[in-house]
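Enquirer: Please find one structure pasted underneath; my questions will follow.
Bear in mind that the values in this text are calculations on the coordinates, not laboratory data. Computed from a prediction, not measured in an experiment: that's the story for all the values here. Cβ coordinates were reconstructed from backbone atoms using ideal geometry, including for glycine residues, and neighbour counts include every protein chain displayed.
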Amino acid sequence: MKRRIAPLLLAAVLLASATGLADVKSAGAARHVEIRGAATMAALAHAVAERFMADHPDAVVTVAGGGAHRGIKSVIVGTADLGLAGDSVPEEYEKLARDRNVKLVRNHVYSDALVIVVHPDNPVSDLSLWRLRDIFRGAITNWKEVGGKDAPIAVISHEGTSGTYETFKQRVLGDDALVTPKAAQTNLRSFQKSMAKSHDAISYIGLQQATGWKPVSIDGVAANADTVRAGRYPIWRKLAVYHLDPPSPLAKQVLDYFLAPDKGQAVVQSLGDVPVK
């Protein structure tokens, strides 16, 4: 019986991911957990949801995107049980939590690198961190200035509300620089299309999404799980699951799946990221 029920529940998860909403009662579930947030963490969240529902046929776990900020806000206002986001909480959401008199709890689930990527035909394979900073703030505008061909650099950044951008700003730009206003903006869903528009493009993306493009090392250090784990790669981030204190019993059970070595942490490792422990 369990094997017949699980596919139906997984279908509910996929539907929720596509629409951000799900009528979970139609799936015949007595219990429901809503997860929302960073698309970067979607593969892990889907795997956790599938495993959890296979073990708990009376529960439905729905996964919706919307970005890290939406994930945190949804938890604070009570429209999601678990939020997917990066290591930091924007001040406006810290204030919102205080105003609503709720306590937001962060649980680190894995570490990830932001990979600098260019077109496979681009001869540039390594950049110093300060040259990368100058490219994204608009001080270096031609590939020939960093050992490439004579062509203008097409800078592609991420939306300012994304956790990916927040990490890049913190690790690369710092507090005293902004991405050049000439940069195109993208999100995870349209990243591949944005990069394909120009052979002279440069951008940044998480390890899981970097396939198909040429990775550029930073100061001679490649982005991978080993260099992140060793603390050698400079552009990295911690990703987390957020909940209110205390979480519901069912939300706590799902969170435990994210952290379990043989469940969520095994998926983290299979995806090429660094488990939390």
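Enquirer: Can you run phi through the Karplus equation (6.51, -1.76, 1.60; θ = phi - 60°) for region 147-159 and list ³J(HN,Hα) in whole Hz, with x for Gly and Pro?
Expert: Rounded to whole hertz, the list is x, x, 7, 7, 7, x, 7, 9, 7, 10, 10, 9, 4.
Enquirer: How do 242, 165 rank when sorted from fewest to most other Cβ atoms within 10 Å of their own Cβ?
Expert: Final ranking by Cβ density, sparse to dense: 165, 242.
Enquirer: Another question, if that's okay. Which order do the peptides 92-105, 122-135 take when ranked by the mean count of other beta-carbon atoms within 10 Å per residue, highest first? Mind showing how you got there, number by number?
Expert: Working: 92-105: 13.6, 122-135: 16.9.
Answer by packing, highest mean first, reads 122-135, 92-105.
Enquirer: Around residue 160, what is the net charge, scoring Lys/Arg as +1 and Asp/Glu as -1 over all other residues with Cβ under 11 Å from its Cβ? Intermediate values should be presented prior to the final figure.
Expert: On the way: positive: 169; negative: 159, 166.
Local net charge: -1.
Enquirer: Which of these, 37, 174, 138, has the largest mean-square fluctuation under a Gaussian network model of the chain (Cα springs below 10 Å)?
Expert: For the chain, modelled as a Gaussian network with Cα springs under 10 Å, the answer is 174.
Enquirer: Show me the ranking of peptides 60-72, 39-51 by mean Cβ neighbours inside 10 Å, starting with the highest.
Expert: Highest mean packing first, the order is 60-72, 39-51.
Enquirer: Okay, next question. Going by a ≥ b ≥ c, the root eigenvalues of the Cα gyration tensor, does region 163-229 fall in the rounded group (a/c under 1.5), the prolate group (a/b larger than b/c) or the oblate group?
Expert: In terms of gyration-tensor shape, oblate.
Enquirer: So, counting K/R as plus one and D/E as minus one, what does the shell of residues with Cβ under 12 Å around residue 149 add up to?
Expert: -3
Enquirer: What size of dipole, in debye to the nearest 20, comes out for the chain about its Cα centre when the only charges are +1 on Lys and Arg C-beta atoms and -1 on Asp and Glu C-beta atoms?
Expert: 400
Enquirer: What distance in nm separates the two pseudo spin-label positions at residue 256 and residue 144, each 7 Å out from Cα along the beta-carbon direction?
Expert: 6.4
Enquirer: Output the relative contact order of the chain, whole-number percent, from Cα pairs under 8 angstrom with separation of 6+ residues.
Expert: Normalised by residue count, the contact order of the chain is 25 percent.
Enquirer: Starting from the Cα of residue 130, step 7 Å along the direction of its Cβ; do the same at residue 222; then give the gap between the two resulting points in nm.
Expert: So the label points at residue 130 and residue 222 sit 2.7 nm apart.
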